[in-house]
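Written below as structure tokens is the structure these notes are about.
The values are calculated or read from the model by the stated rules, or taken from the named source; none is laboratory data. Since the model is a prediction, treat every value here as computed from it, not as a measurement. Every residue, glycine as well, gets a Cβ built from its backbone with ideal geometry; the counts of neighbours run over all protein chains shown.
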Amino acid sequence: MKRALVGLLATTLFSGCATVRTLDANMPGAPVVYAGTRLNLYVMNGGCCPKDHFGAEAPAYPGLDLPGSALLDTLLLPLSLLTAAGIGFQATGGL
């Protein structure tokens with residue numbers, strides 16, 4: 001089980017996470033909420049031209065990337081909802 005999980009994680013990292021790709025895309029009008037998960041599902045269901053719809057290419061293995069993207073999209077959900085609502089915020093660190 002542990003070996004399978006490590007293999008899944010390595011494959012996901014090497015193929016590129018859909019959530020990270022959509023965050024980097026910054027395409028106006030592209031989905032924000034669960035964007036990586038939606039990109040994976042879009043490609044798995046035969047959708048063409050993911051770059052036109054999401055602003056990013058899909059990972060080489062969207063089925064393997066799906067669980068990791070769903071987890072990361074869930075963790076980023078509060079920020080995604082704020083962004084989708086048009087609420088901007090400035091995050092700064094330090095003292």
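Tabulated values for the structure
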item	result
Count - residues of region 23-80 that are hydroxyl-bearing (Ser, Thr, Tyr) and assigned to a loop (DSSP other than H, G, I, E, B)	2
Pick from region 1-60, criterion modelled with pLDDT of 90 or more, polar (S, T, N, Q) and buried (at least 19 other Cβ atoms within 10 Å of the Cβ), ranking: farthest from Leu77 (Cα to Cα)	Asn40
